[in-house]
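First up is the structure itself, then whatever we jot down about it.
The values are calculated or read from the model by the stated rules, or taken from the named source; none is laboratory data. Bear in mind the structure is a predicted one, so any value in this text is a computation, not a measurement. Backbone-built Cβ (ideal geometry, glycine too); neighbour counts: all protein chains shown.
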Amino acid sequence: MVDIRGGAFFNQVIEVLNDLTQQGYKYEILFLEASNETLVRRYKESRRRHPLDNHGEVLQVIQEERELLREIRGRANNIIETSSLTNSQLKGQIVAQYGGDRNDTNSLLITVISFGYKYGIPLDSDLVIDVRFLPNPHYIPELRCLTGNDEPVQKHVLSQDVTKEFMEKLLDFVNFLIPHYQNEGKATLMIAIGCTGGMHRSVTLANKLGDILTERNYRVNVRHRDIMRV
């Protein structure tokens, strides 16, 4: 594990990585990050001093740290955005990616995450799919308080002709991309599906896509980031 607390050693990380590449060694970089707001809150709650802090302005040193880490982040095989994760959820993602047996055919871990655009796009997304064009169950009184985990909402969303056509195109797109990501040695793929509030359409389609990919023997993790916000 490496971070800026490594001092002089940290400054040599890029040189070491270049040497490893030149010598033909393969390595993986797991990069953990969080939003500025989350990091400021964590430092205030823990009362720990940031390693770069010599003037008491936490937000400024966080931005300085991001600049120092920019090249390493760009080389990362796997980036996990931890702002909305509990410790157990983070552990689960790491275990799912690095625990147990891994082989060339199923080493790619695909995370399908639903979200609401009103709360922002997940920072670690690889693909962002906007489904706000689909008919919105929010405007149907009997469906408004339900979510895409409930059968009535699922039936309503998936029965629409536009949804059926869209899912065919989305699956064709994803099926084309996955083998190319695998060939490039990508460790994780995050597919973010967003609607307005992250409760109905995005949840329904994330579940559906996750089910289909699981049936095709891919390693899949489905998450619903904003389903509990309302």
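Of note:
- Qualifying residue in segment 169-187 (condition: surrounded by fewer than 16 Cβ atoms within 10 Å (Cβ to Cβ), in contact with a helix residue (DSSP H, G or I) (Cβ under 9 Å, 6 or more places away or on another chain) and more than 23 Å from residue 221 (Cβ to Cβ)): no
- Considering segment 33-47, and only residues there that are acidic (Asp, Glu) and closer than 16 Å to residue 87 by Cα, the residue that is surrounded by the fewest Cβ atoms within 10 Å (Cβ to Cβ) turns out to be 45.
- Any hit, segment 180-194, residues being farther than 16 Å from residue 149 by Cβ and acidic (Asp, Glu): yes
- Checked against the criterion of being exposed (fewer than 13 other Cβ atoms within 10 Å of the Cβ) and either within 30 Å of residue 32 (Cβ to Cβ) or in contact with a Gly (Cβ under 6 Å, 6 or more places away or on another chain) (or both), segment 145-156 has no qualifying residue.
- Residues (out of contact with any Cys (no Cβ under 7 Å at 6 or more places or on another chain), of a type in the set (D, E, K, R) and modelled with pLDDT of 95 or more) located in segment 164-216: 164, 165, 168, 169, 172, 208, 211
- With respect to (1) surrounded by fewer than 18 Cβ atoms within 10 Å (Cβ to Cβ); (2) in contact with a helix residue (DSSP H, G or I) (Cβ under 8 Å, 6 or more places away or on another chain); (3) outside any helix (DSSP H, G or I), the lone exception for residue 222 is condition (1).
- Failed criterion for residue 198 (all others in (1) part of a helix (DSSP H, G or I); (2) closer than 19 Å to residue 117 by Cα hold): (1)
- Helices (runs of 4 or more DSSP H) contained in segment 12-117 and holding at least 2 residues at pLDDT 80 or above and charged (D, E, K, R): 13-22, 36-46, 58-75
- Inspection of segment 195-214 finds no residue satisfying the criterion of being closer than 19 Å to residue 95 by Cα, among the charged types (D, E, K, R) and out of contact with any strand residue (DSSP E or B) (no Cβ under 8 Å at 6 or more places or on another chain).
- Inter-residue pairs, beta-carbon under 6 Å, first in contact (Cβ under 8 Å) with a residue 12 or more places away in the chain and in segment 147-164, second surrounded by 11 or more Cβ atoms within 10 Å (Cβ to Cβ) and in a loop (DSSP other than H, G, I, E, B), 6+ apart: 147/199; 147/227; 148/200; 153/146; 153/200; 160/135; 163/134
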